[in-house]
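See structure below.
Values quoted throughout were computed directly from the atomic coordinates according to the rules given, and no laboratory measurement underlies them. Predicted model only: the values in this text are computed from it and were never measured. All Cβ positions, even for glycine, are placed from backbone atoms using ideal geometry, and neighbour counts span all protein chains on display.
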Amino acid sequence: MSAIFLGALDQTIVAVSMPAISAQFSDVELLAWVISGYMVAMTIATPIYGKLGDLYGRRRMILIGMGVFTGASVLCGLAQSMEQLVFARIVQGLGAGGMVSVSQAIIGDVVPPRERGRYQGYFSSMYAAASVAGPVVGGLMTEHLSWRWVFWLNLPLGLGAWLFMRKTLAGLHTPQRQARIDYLGTVLMIVGLGSLLLGITEVGQGLAWTSTPVLSLLATGALAALIFIWHERRFIEPLLPMRLFADRSAVLCWCTVFFTSFQAISLSTLAPLRFQAVTGQGADTAALFLLPLAIGLPIGAFFGGRHTARSGRFKPVILTGAALMPVSVLGMAYTPVSTLWLSCLFMLLTGIASGLQFPTSLVGAQNAAAAGDIGVSTSTTNLFRSLGGAVGIALMSALLLALLGPAGDSATSPHGNVLLDSLAAAHAQADGGRNQVADAFTLLFCISAAIALLGLAAALAMPNRLLRGRG
């Protein structure tokens, strides 16, 4: 859980330090990549660590991931330019990918599927704790110490977690068979996923889907993905076995995770923006608006995990969350931000819906995998979760930009972000600027609720299998 907490914390704690980082380096062109570079690297590393954990043992992989993450955190704190900071953040993301995916796969090694929902609920509580603690701790450190302490904090935490895991995981099973590394598959996955995520990230930062850079990146990603699938079908020890996609239950669990992450990550970004743009409140107050979402996640994960362990079936829990999601998002769409208690209620329900689906879908995917594929099945689930979040932010941001109208180039903007500039420009209009912003967010959330119906369709089509474990 310490690995999950550290990996998730660095996604939230850095965001509040962005203005201070930008002010010191006087560079807004690369500012967005301080967060985006970390996320892209983490997503790419996740499936690679999962397969290496199956081949060489998960204790070795999680120690490597934690070591890379902690060392890169020191480099982030010592960075003397924006280029150095972005590079260190990419390396840090490579370590975080191993920490998050391997730690969840370890639960698959030591806990039977029927009991895993309970433990995955504990992991979800770590995500929620990081969502709450990150902005608060990051803001205090940036204000009273320096933005560099946001990264140096990882040194004692990471070192302590590394020593603890090295001792407690000493008895974990290590595979004894001779491994064959899929080097070509690894390169193709890095190129394919990297190009796809970079293209999606560029769209989220203001570039049009039809622009030459975005189309080039997406085309490169699609071509690499096709070659990757062709290669994986023929390699003896594939990085991502295609046989996993032959199981209907696993594929539908991954679809559920994708659409759940689409909603949760995009709403965690857009809901505070809506609150801030419509009410005129500061960013610190808007960040508190996320608390109901963060509280709802562990609540849903806790009760979903207990029901899964008691009944032995994961579909009812996933279906409940998938049905609740579009209702809660639609409620947010038509609830004025001024009605704070009702808005918070729908945010809480959205968090509960996400908590019911995230850990339970992972348990369902692990249940469909053979013992030797637990790591790669877990990492594939995390991969779809990351892709859902990336696509959600990019698509919803692009739609919001289209509704508001672009406001210039981010390189010359005061915020360094086209979306923020578009919100500011719409808000500054003399006649009905605030109403225009409110109407744009209402329509955007209605579209988000419609997309959530795809997750409900996947949950409905899911087989109602019994989990392995105690009878």
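Listed values, structure above:
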quantity: Per-peptide average of other Cβ atoms within 10 Å, ordering 358-366, 343-351 highest first; calculated: 358-366, 343-351
quantity: Sorted peptide list for 210-219, 182-191, criterion being average Cβ within 10 angstrom, highest first; calculated: 182-191, 210-219
quantity: Fully extended contour minus Cα-Cα distance, from T339 to T212, at 0.36 nm per residue; calculated: 41.4 nm
quantity: Total charge dipole magnitude, the range 238-383, about the Cα centre, Cβ charges on Lys, Arg, Asp, Glu only, Debye to nearest 20; calculated: 360
quantity: Karplus-derived 3J(HN,Hα), 6.51/-1.76/1.60, for each residue of the range 99-106, Hz, glycine and proline x; calculated: 4, 6, 6, 5, 4, 6, 5, 4
quantity: Hz values of 3J(HN,Hα) by residue in the range 58-71 - Karplus curve (6.51, -1.76, 1.60), Gly and Pro given as x; calculated: 7, 4, 4, 5, 6, 5, 5, x, 5, x, 4, 4, 5, x
quantity: Inter-part distance where the range 291-343 and the range 345-384 are each reduced to a Cα centre, Å; calculated: 15
quantity: Net lengthening on full extension, M242/W149 (0.36 nm per residue, minus Cα-Cα); calculated: 29.1 nm
quantity: Ordering of 81-90, 373-382 by packing [mean C-beta count within 10 Å, highest first]; calculated: 373-382, 81-90
